[in-house]
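Trainee: So that we are looking at the same thing, I have put the structure below in structure tokens.
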Amino acid sequence: MATAFITHADCMKHDMGTYHPECPTRLAAIDDQLISSGIAPYLDRHDAPVADDAHLERVHPRNYIRAIRAAAPEEGIVHLDPDTAMNHGTLAAALRAAGAGVLAVDLLMEGKYENAFCSVRPPGHHATRTRAMGFCFFNNIAVAAAHALEAHGLERVAVIDWDVHHGNGTEEIFAGDDRVLMVSIFQHPFYPYSGTDFPAHNMVNVPLPAGAGSQQFREVVEKVWLPALEKFQPQMLFISAGFDAHVEDDMAMLRLVDQDHGWTT
């Protein structure tokens, strides 16, 4: 069965300024790799829809959504924090990024696919209920997981977050929700300096020290994540796949390699 590949041209129009690491070429690099590897013909491409307020309000309050809409500039760049900025294309991109996960859930629940990959930006796992931060505006993975729970009636879903940074927004949204299990790794201490202080019972957070690599990561997956997931028996898996824990990423200090991400997937 083919994989659903969900993306949209609007995601390329979000630009936070010259030299910002979260840039449009991230998606172009994914497309280039799919073509060069020969994988592209095996993917069914779908345009990401726009998430509507009903989708967003499952994880963000209405006044926050209105504030993001109001902050969107018609020209120039507006900073919501030192790392997180909006240009004229950001709002449309953020709505498509959140909508991609909603479509992915619908396609899987209809039985059309066994899995889906959302090639979208901006990312989402740092966005809390009421705060844009860490390049994120709406919490895409949380919107998708909440859609599975609320629209499709699933009883148990799991969020798997591998990223050099702790997914603080996703944790805040789902902390204490017995329908959701979240397992994660992240470099610690490191931005956003969270994830280790008394996490909720449904959060399996495993901080890794700077310099940790393949062996430590794979031990976490096999000895911590998999037992927790097998006990929980999720009906759907949601993966927040960050690749900045890679050894060649010069903005962080974990040492994962390509094969680690393939093995974990």
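Trainee: Looking only at segment 169-200, which residues are over 15 Å from T128 (Cβ atoms) and touching a helix residue (DSSP H, G or I) at 6+ places or on another chain (Cβ under 6 Å)?
Mentor: Matches in segment 169-200: R179, V180, L181, V183, I185.
Trainee: Also, I was wondering about something else. Looking at A116, A97 in this structure, which one is at pLDDT 95 or above, touching a Ser or Thr at 6+ places or on another chain (Cβ under 7 Å) and crowded, with 17+ Cβ neighbours inside 10 Å? Talk me through it step by step, then tell me what you get.
Mentor: Numbers: A97 fails: touching a Ser or Thr at 6+ places or on another chain (Cβ under 7 Å).
Exactly one residue qualifies, and that residue is A116.
Trainee: Same structure again: Select from segment 72-103 the residues that are among the aliphatic types (A, V, I, L, M), in a helix (DSSP H, G or I) and touching a strand residue (DSSP E or B) at 6+ places or on another chain (Cβ under 8 Å) and list them in ascending order.
Mentor: Matches in segment 72-103: A97, A100, L103.
Trainee: Could I ask something else about it? Name the single residue, out of those in segment 22-45 being surrounded by 13 or more Cβ atoms within 10 Å (Cβ to Cβ) and without any contact (Cβ under 8 Å) to a residue 40 or more places away in the chain, that is nearest to A2 (Cα to Cα).
Mentor: That would be A40.
Trainee: So, A48, is that one surrounded by fewer than 13 Cβ atoms within 10 Å (Cβ to Cβ) and either modelled with pLDDT under 95 or outside the structural domain of Y191 (by TED's automatic domain parsing) (or both) or not?
Mentor: Criteria not met by A48.
Trainee: Oh, and also: Test I160 against the criterion of being surrounded by fewer than 24 Cβ atoms within 10 Å (Cβ to Cβ), closer than 19 Å to A241 by Cα and either at pLDDT 95 or above or over 11 Å from the mean Cα position of the chain (by Cα) (or both), and give yes or no. Outline the logic, then answer.
Mentor: Working: surrounded by fewer than 24 Cβ atoms within 10 Å (Cβ to Cβ): yes; closer than 19 Å to A241 by Cα: yes; either at pLDDT 95 or above or over 11 Å from the mean Cα position of the chain (by Cα) (or both): yes.
When the stated conditions are applied, I160 passes them.
The values are calculated or read from the model by the stated rules, or taken from the named source; none is laboratory data. Worth saying up front: this structure is predicted, and the values here are computed from it rather than measured. Neighbour counts are summed over all protein chains in view; Cβ atoms, including those assigned to glycine, are modelled from backbone coordinates with ideal geometry.
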